[in-house]
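Since the structure comes first, as structure tokens, the remarks are kept for the end.
The values are calculated or read from the model by the stated rules, or taken from the named source; none is laboratory data. Because the structure is a prediction, the values reported are computed rather than measured. Virtual Cβ from ideal backbone geometry, glycine too; neighbours counted across all protein chains shown. SASA here: full protein model, heavy atoms, side chains in, ligands and nucleic acids out. Shrake-Rupley method; radii C 1.70, N 1.55, O 1.52, S 1.80 Å.
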Amino acid sequence: MKSRLLQPRVLALAVSLVLVATHASGGTIHVNGACGNDAWTGASDLCVAPNGPKQHIKTAIAAAASGDVVLIADGVYTGIDNRSAIISKAITVRSANGPDACIVDCEEIGRAYGANNAPGLVTVEGITFRNTAGTGNGSLFRVDHSTMAYINCTFDTHFGSNAPSAISVFAGSTLHMTDCRVFDMTTFGTGLFGHSTNANNPAALTLRDCVFAGNLTGGIGGAVLAVTNVATAIVNCQFIDNDAGPTGGAVVVGNASLANSTFSRNGSQAGALTLYSATIHHCTFSAQRTSDIEQYDAPVSISNSILWNSAADPIDTHYENLTITFSDVQGGWPGSGNIDADPLFVQPGSDDVRLGIGSPCVDAGNVALLPADVLDLDDDGDTTEALPLDADGEPRVQGAGVDMGAYEGEGAVQVPQASEEDIDMGETVVLVPEGVPFNPLVAPAVILTNTSGPDDGTYLVTQLPWNPHPLGGGYTEFAAVLAMSTTMPDGTYLSRPMITFTAADLLGADPTAVVVSGWSESLDTWALGVSLNAQDSPGHDGPVGDRIVSVGPGPWNLSNDIGDHGVYWDPEAGQGFAWANIDVPGEYAAGVPTCLGDCGPGGGNGLVDADDVSSILSHWGDAGGFTVCDLDLDGTVDAADLAMVLANFGPCTPTSLPSSAVPPSRLEYVRWGVVTDDLGGDVDGDGRIDATDLAHVLASWTGDGAGSRGRMRGDLTGDGRVDAADVNRLLGRRRR
């Protein structure tokens, strides 16, 4: 399950390909899975014998000599001859058009490409490896007595069975990963593993412009573990929504340097980043599910960084060998230049931790503490100069000084937002736009399940702190409005917005009357949210299901059926939330009806009319759950609810409605209680349409059965039966 990501800075890589008619050292061997032939030389990309492309990647690798480039045409490559390659020569394996166009699908039975005893640099560039699987160390791939570089590659969905690590970097080996994306790694041990047990022959690991998101391990280090004689450098990387067991939700490192990197929504039983020995410069930590940093018995220094808005204390230190300077630490921390102030991220709650206008972190860092440019971010060959660029590739020092955190400069503040990508059928996700732990009594949230939609669905929820339709009628809107969009078709998912409100929001309204409303484009007004659903609620004739009201300090009473909705209110705490089970995107809010009795199909259209009476009658006697027309919330649709509809018959608060939603003027309708010469609804002939006329209709009620031969009293339409059409005629007939 991938999270919404900030795009890393794409590196400018100069590529020089030499095309030759016949294979020679330093040449290019072409691969084309659609038209190639492994008997051909691979010297040409034209599918013509004898020098056309080879068909399989491993065959091309076997034919390559040191210095060659294996160039892969666009396509999806499967099978044993394309996966699990182990490279033992200094070659480059590259796609022709990048990772979106070249995919090696390992079909859950194979690995990506590793290196073993290679005499020079092994490079793999521009390939997506998906559905990988393996056992033991290096279940994704391993680097053994070699130097290997992965550039602009994507690793999407991996399962390591009985696997302590997904990627293993053994003694004497070096792995460089640049501009790579690592998603959905599930292992027994770690997501990425640097390993060397030989102090005299250490390993090295460098990560630059990489994204690690949605990775999970039962061990330590959800994305990276590199602690045993491994020199590690991490620059311009993002760690988002990674999880581990006991510690290091994102990273566990020793002998490491980190710069210009961000950590958000990572979790473990302890910290998101576990350190044994490290220096951290210009990093930003936000909204971890536990602490930001856990530190053990080794020197750790942190400077020019931000640690904010995590679920636990930002620092969980077991020893005192920790120095923090010129950093923004929530709750404060002793040290020169440290502050404790909201950094004003541009989009609170999201993974975008750039600084907003007016942030106290702007120009609050210390230029003298800039680290060396060890991974040469500006590609000028100078790795000893001070760090020249930020995580966006912009100048590291701007204005009067250097900023705290991974990003330099200020941007306009945006509204809170949360999203998920790659939501497969049957998968459930929780989105909290404000970025705090899930609790709908504290912050609005959405629980989403892809029930029958295609895999790889996306869902985005934006929290608006204002009503985007201030003139809309139907319901009063208070608290937040959740604007939701998705790639999944209507009716293929269950989305439950849970919208927080407090006693102050109610302005005296009854909290048990609060509902989730949705903006109806067709009605140009707010309507009952579940009435907009694409599918019917189970056991109900239409999309509106049961209404469930919970009051008190007890557990929430919710339902998983589409169309059900309700409210939870804790009177002692003075707070609650409204919820609804919906299956269409749109704008949803919490509010109370502006028009008591407006409960018919598309309820909330600003008019109490025959549709609302018909809805009452069609649900007459419904009990055991709250329906939309149970206006007095006593659990049954009965005469009391009908009386409330009749008492409020007509347009309601028309001045609050946009012009397109204002119903025709009062003179155009026969109105309840109005004296009229029109006998179309005046059943008893007293010149007034009132409760007596309705009583005559209901007393003669036949419903939708077969009509009689003679006209019955109350049969206003003359079809031989008394049913909803006659109620419509009585209550909604236009003057002639």
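Tabulated data
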quantity	calculated
Residues (at pLDDT below 85 and β-branched (Val, Ile, Thr)) located in segment 260-286	Thr274
Breaking point among (1) at pLDDT below 90; (2) surrounded by fewer than 16 Cβ atoms within 10 Å (Cβ to Cβ), for Ala418	(2)
From Asp328, Asp340, Asp403, Asp373, residue being buried (at least 16 other Cβ atoms within 10 Å of the Cβ), of a type outside the set (S, T, N, Q) and under 30 Å from Ala480 (Cα atoms)	Asp328
Scope segment 111-139; condition open to solvent by less than 10 Å² (accessible area, probe 1.4 Å), modelled with pLDDT of 95 or more and assigned to a loop (DSSP other than H, G, I, E, B); matching residues	Ala112, Tyr113, Gly126, Ile127
Selection from segment 409-440 of residues that are free of Cβ contacts under 8 Å to residues at least 40 places away in the same chain and assigned to a loop (DSSP other than H, G, I, E, B)	Met425, Gly426, Phe438, Asn439
Residue in segment 495-506 that is under 28 Å from Val608 (Cβ atoms), open to solvent by 10 Å² or more (accessible area, probe 1.4 Å), in a strand (DSSP E or B) and not small (Gly, Ala, Ser) present	no
Residue, modelled with the lowest pLDDT, within segment 542-573, restricted to residues that are of a type in the set (Gly, Ala, Ser), assigned to a loop (DSSP other than H, G, I, E, B) and open to solvent by less than 20 Å² (accessible area, probe 1.4 Å)	Gly542
Residue under evaluation Ala534, criteria (1) open to solvent by less than 50 Å² (accessible area, probe 1.4 Å); (2) out of contact with any helix residue (DSSP H, G or I) (no Cβ under 8 Å at 6 or more places or on another chain); (3) not polar (S, T, N, Q), criterion not met	(1)
The one condition in (1) in contact with a Phe, Trp or Tyr (Cβ under 9 Å, 6 or more places away or on another chain); (2) open to solvent by 30 Å² or more (accessible area, probe 1.4 Å) that Trp466 fails to fulfil	(1)
Failed item in (1) in a loop (DSSP other than H, G, I, E, B); (2) hydrophobic (A, V, I, L, M, F, W, C); (3) modelled with pLDDT of 95 or more, with Ala368 passing the rest	(1)
Those residues of segment 701-715 which are closer than 25 Å to Asn648 by Cβ and at pLDDT below 75, in sequence order	Trp701
Residue that is most open to solvent (accessible area, probe 1.4 Å) [pool: residues in segment 436-458 that are touching a Ser or Thr at 6+ places or on another chain (Cβ under 8 Å) and under 20 Å from Ala590 (Cα atoms)]	Val442
Set Ala443, Ala479: member being at positive phi, in contact (Cβ under 8 Å) with a residue 12 or more places away in the chain and not charged (D, E, K, R)	Ala479
Test result for Ile80, within 20 Å of Gly42 (Cα to Cα), out of contact with any Ser or Thr (no Cβ under 8 Å at 6 or more places or on another chain) and open to solvent by 10 Å² or more (accessible area, probe 1.4 Å)	yes
Evaluation of Thr197 against (1) out of contact with any Leu (no Cβ under 6 Å at 6 or more places or on another chain); (2) at pLDDT 80 or above (one fails), failing number	(2)
Close pairs from segment 265-278: first in a loop (DSSP other than H, G, I, E, B) and buried (at least 24 other Cβ atoms within 10 Å of the Cβ), partner among the aromatic types (Phe, Trp, Tyr) and at pLDDT 80 or above, Cβ under 7 Å, at least 6 apart	Asn266/Phe239
Single match in Gly98, Gly26 (criterion: modelled with pLDDT of 95 or more and either farther than 23 Å from His158 by Cβ or surrounded by 14 or more Cβ atoms within 10 Å (Cβ to Cβ) (or both))	Gly98
